[in-house]
Structure formats: C-alpha cells, structure tokens
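Undergrad: My structure is below; once you've seen it, I'll send some questions.
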Amino acid sequence: MPLTSILTTEATPRIDTPEGVAWHLDTLVGLVPALAPMRQAVGTVLPRVNPKHFAGMAKVICGQQLSVQSAAAIWGRFEALPGALEPETYLGLSEDIVRGVGFSRGKFLSLRAVAEAVLGGELDFAQVDALPAEEAIGRLVALKGVGPWTAEVYLLFCAAHPDIFPAGDLALLKAAHHGLGLEARPSIKEMIDIAQKWSPHRSAAALLFWRYFARMRDREGVLL
C-alpha cells in the first residue's frame, strides 16, 4: 500500500461527539472569522451519527434522492428485514423482498455491489474510513452506484470523518449563499473551491451550514 494510503486524519478529532464538533468549529472560526456570525446564529452544533460500515452505507443509499420523512420510513422497514444489515446475509435477500420495503431496483443493485466488494476483499470500510478525504471518496465512488454525494455523506455521518463537505447538497449551497453574503448561490465547483480553504475542518463547516439552513428555513423562510 502506498505511503499516502496509510496516512490518516487521526491527528484531529472525529466529529462523532459534541466536543469533537466544537473543537473543529472553534479552530475553524478562529481561522475564518466570516463564519462567526453563522455560528452565533445557530448556537450549539451537534454531531449526526449513523451506523458504521455496511449498515451505514445501506442507510445512505436508502436516502438517495428522497425526503427525510420518506427515507426514514423506508429505512425502518429495511432494517427490520432479517439479515439486511450484514453483507453476507444481504446477498441472500431477493430483489422482490428488498424492493418490497421501498428500495428501487438501482438501490438494491448498488447495495449488492457494496456487499460483493466487502466479501471479495475489495472494500475494507475500517481502512477507507481512516483515509484522507479525497482518497476515501475515490475508493467509494469506484463502487457501482456510489456517487460523490453518497460517498461524502457516508464518510461524514457514518465514519465521522472530520474533513468532508458535500458541495452538491442543495441545503449547503443555499446556506452558503445567505450565510456568507454571496451575490448568488454558488455552483458546486465554486462551493468546492470555497470549502477547500476550510480543510481539515470541512465536516464541522458542513454541520454548521446544515444547522444554519434549518434555522433560517424554520424561522424566517428566506432559503426556501
């Protein structure tokens, strides 16, 4: 394995505890004072923690292109299926059973590809979770049906990776537009370039932006 593959992000805390999130935000706001008003507006930013490894990827794939409410309902039915959360036993589930709880055929096949990669030794979640951001994303998007958003959300919510910013997420783009006082909503490429300057604290920035979006939507409606 190349040297770069064994370098991890463990020099800084993960974002699976309130203390870890606060450490990153303290450091980030110290470096980027323009984010201070957003942090002040939202108050405490808490971590969002999903299951790890295969079960976590299953939950992220389940939620692709769905509302939070629809994803939660489908996930509740899926995780109740015997064997659904382990790669070995997931492969024993028929397409009819998995689609019967609300998965599309594409999601059924995508998760099969993940399970096969794990069992075939092509994917080691524990190893991928510890890689630097871009390398970890690259390993995951090599899997059939796993795009950048899926990889980034898995790493952020399931692996608690400290340096991930899903720039294609519409809520984050809207929050950046308003919270940073930009003239227009940034494109995905523009958002990637902006967030790059926040490395290695991009995950905390993403959590801050999501919290800011929720606050503005619920209280003022300016981001709808």
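Undergrad: Name the residues in the range 33-70 that are of a type in the set (A, V, I, L, M), surrounded by 15 or more Cβ atoms within 10 Å (Cβ to Cβ) and within 18 Å of A175 (Cβ to Cβ), would you?
TA: L35, M38, V42, V45
Undergrad: Go through A126, A117 for me and flag whichever is at pLDDT below 95 and under 23 Å from R139 (Cα atoms).
TA: A126
Undergrad: Right, something else. Just give me the residues in the range 170-193 being in contact (Cβ under 8 Å) with a residue 24 or more places away in the chain, closer than 18 Å to S203 by Cβ and not aliphatic (A, V, I, L, M), in sequence order.
TA: The one that is in contact (Cβ under 8 Å) with a residue 24 or more places away in the chain, closer than 18 Å to S203 by Cβ and not aliphatic (A, V, I, L, M): G179.
Undergrad: Out of curiosity, is F213 assigned to a helix (DSSP H, G or I), modelled with pLDDT of 95 or more and within 28 Å of D129 (Cβ to Cβ)?
TA: Working: assigned to a helix (DSSP H, G or I): yes; modelled with pLDDT of 95 or more: no; within 28 Å of D129 (Cβ to Cβ): yes.
When the stated conditions are applied, F213 does not pass them.
Undergrad: Right, next: Search the range 58-82 for residues that are assigned to a loop (DSSP other than H, G, I, E, B) and pair each with any residue that is of a type in the set (S, T, Y) when their beta-carbon atoms are under 8 Å apart and the residues are at least 6 apart or on different chains.
TA: Q64/T150; P82/T89
Undergrad: Also: Open to solvent by 10 Å² or more (accessible area, probe 1.4 Å) and either touching a Cys at 6+ places or on another chain (Cβ under 7 Å) or in a helix (DSSP H, G or I) (or both): which single residue out of D193, D163 fits that description?
TA: Of the residues listed, the single one that is open to solvent by 10 Å² or more (accessible area, probe 1.4 Å) and either touching a Cys at 6+ places or on another chain (Cβ under 7 Å) or in a helix (DSSP H, G or I) (or both) is D193.
Undergrad: Could I ask something else about it? So if I check each of A136, A126, which one is in a helix (DSSP H, G or I), within 16 Å of N50 (Cα to Cα) and in contact with a His (Cβ under 8 Å, 6 or more places away or on another chain)? Give the derivation first.
TA: Working: A136 fails: within 16 Å of N50 (Cα to Cα).
None of the other options fit; the residue is A126.
Undergrad: Oh, and also: I'd like to know if the range 71-94 contains one or more residues that are β-branched (V, I, T), farther than 23 Å from D169 by Cβ and either touching a helix residue (DSSP H, G or I) at 6+ places or on another chain (Cβ under 9 Å) or open to solvent by 30 Å² or more (accessible area, probe 1.4 Å) (or both).
TA: Going through the range 71-94, the residues β-branched (V, I, T) turn out to be 74, 89.
Add one more test, that the residue is farther than 23 Å from D169 by Cβ, and what stays is 89.
Restricting the remaining residues to those that are either touching a helix residue (DSSP H, G or I) at 6+ places or on another chain (Cβ under 9 Å) or open to solvent by 30 Å² or more (accessible area, probe 1.4 Å) (or both) gives 89.
Yes, the range 71-94 contains at least one residue that is β-branched (V, I, T), farther than 23 Å from D169 by Cβ and either touching a helix residue (DSSP H, G or I) at 6+ places or on another chain (Cβ under 9 Å) or open to solvent by 30 Å² or more (accessible area, probe 1.4 Å) (or both).
The values are calculated or read from the model by the stated rules, or taken from the named source; none is laboratory data. These numbers were taken from a predicted model, which means no experiment stands behind them. Cβ sites come from the backbone with ideal geometry, for glycine too, and all protein chains shown count toward neighbours. The protein model used for the area step is the full one, side chains on, heavy atoms only, and it has no ligands, DNA or RNA in it. Shrake-Rupley method; radii C 1.70, N 1.55, O 1.52, S 1.80 Å.
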